[in-house]
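Note sheet for the following structure.
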Amino acid sequence: ADARLTKDGVAIAMHDETLDRISAGLDARLKGVKAKDLTWDDVRDVDIGSKWGKQYATYRMATMESVFAAMKGRPDRLLYLDEKGAPPKMMADMAARFGVQEQTYYCSYDWRKVVEWRKFAPMGRSMVWIGNFPKDNSPENVAKTEAHVKKILDEMAAFEFDAIDQVQIHVRTDLTRSDPFCPSTGFLKTAVKRLHKHGVSVNVVTWTEGGNADVYLRLWNLGFDHFTTDFPETMFQVIEQITKSNN
């Protein structure tokens, strides 16, 4: 769940900055307005379900409190909380109130916020995501992306990756190239080994070719521990193949 704050300080589970893409019949005064500029009363009754199917017509915006409440007493329910403006201390205190800090990964592109979260949630978990979103896999973009990832890894390494449990690397895949990955295959291998050396697990997400099982298997063979995906059906197939090959 991505966590944002409304104008009046309510933490809501919302990925986009605005309601436009996810809502049906949105009031004109709310169109194009960022969640941080809207109050809870503005967003609480917005229909965020009908656009995805009639069966979801009653769905409304979830608060982070309701998300944590659904996790309480259910240790099997883990949460990747991607901060989109929700402060570390606020989320740590809220998770503690529901007794779910240990079930919560606080995630951010800003590793310093992740470290701050762990100060307030010593039993909580953490993930730093590193993305660059190049438009193509040209040599220039590969070099820029690798420099960006290396810079952040170097910054965290200076503190020996303290308080960081997991790092997610965003990978752009282009199957028309001999090396389909940006960052490159060699760079990814080195980065994964470096993180493993410090006891940090490594997550990967690819937003291109994400429904291709062979792509996931290639990334798995580079040493990644976890996947983030918009294609769970494909991932189930991949897990089955990995399980069979390990038996």
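The values are calculated or read from the model by the stated rules, or taken from the named source; none is laboratory data. Because the structure is predicted, anything quoted here is derived from the model rather than measured. Backbone-built Cβ (ideal geometry, glycine too); neighbour counts: all protein chains shown. Heads up: the accessible areas ignore ligands, DNA and RNA and are worked out on the full protein's heavy atoms, side chains in. Shrake-Rupley method; radii C 1.70, N 1.55, O 1.52, S 1.80 Å.
Taking all protein chains as shown and a probe of 1.4 angstrom, residue 196 keeps an accessible surface of around 80 Å². Extension gain for residue 37 to residue 123 (0.36 nm times residue separation, less C-alpha to C-alpha distance): 27.7 nm. The length gained by stretching the chain between residue 29 and residue 136 to full extension, at 0.36 nm per residue less their Cα-Cα distance, is 34.8 nm. The order of 176, 228, 18, 104 by accessible area, most exposed first and with a 1.4 Å probe, is 176, 228, 18, 104. What is the sum of charges around residue 11, taking Lys and Arg as +1, Asp and Glu as -1, for the other residues whose C-beta is under 14 Å from the C-beta of residue 11? Around residue 11, the charge tally is +1. Label zone (residue 102, point 7 Å along Cα-to-C-beta; backbone nitrogen cut-off 18 Å) within region 59-94: 68-80, 92-94. Using a Gaussian network model of the chain whose springs link C-alpha atoms within less than 10 Å, name the residue from 44, 29, 125 with the highest mean-square fluctuation. It is 29. Sites listed here are chymotrypsin sites (Phe, Trp or Tyr not before Pro) in region 113-195 whose DSSP assignment is loop and whose Cβ has at most 15 other Cβ atoms within 10 Å: 159.
Is the chain best put as rounded, prolate or oblate by its Cα gyration tensor, with a ≥ b ≥ c the root eigenvalues, rounded for a/c under 1.5, and otherwise prolate when a/b is larger than b/c, oblate when not? Verdict is prolate for the chain.
Based on DSSP H segments of at least four residues, each scored -39500 (n - 2.57), the chain has a per-residue ellipticity at 222 nm of -11000 deg cm²/dmol.
Among beta bridges identified by DSSP and lying wholly in the chain, the antiparallel ones come to about 25 percent.
Selection among 170, 184, 158 by position relative to the dipole of region 147-189 gives 184 as farthest towards the positive end (Cβ unit charges, Cα centre).
How much length would be gained if the chain were fully extended between residue 93 and residue 158, taking 0.36 nm per residue of separation minus their Cα-Cα distance, in nm to one decimal?
Values: separation 65, 0.36 × 65 = 23.40 nm, distance 2.84 nm.
Extending this stretch completely gives an extra 20.6 nm.
All other residues whose Cβ lies under 11 angstrom from that of residue 116 are scored, Lys and Arg at +1 and Asp and Glu at -1, for a net of +3.
Measuring with a 1.4 angstrom probe and ignoring ligands and nucleic acids, residue 89 comes out at about 90 Å² accessible.
For region 25-141, just say rounded, prolate or oblate: build the C-alpha gyration tensor, square-root its eigenvalues into a ≥ b ≥ c, call rounded for a/c under 1.5, and beyond that prolate if a/b exceeds b/c, oblate if not. Taking the square roots of the gyration eigenvalues as a ≥ b ≥ c, region 25-141 is oblate.
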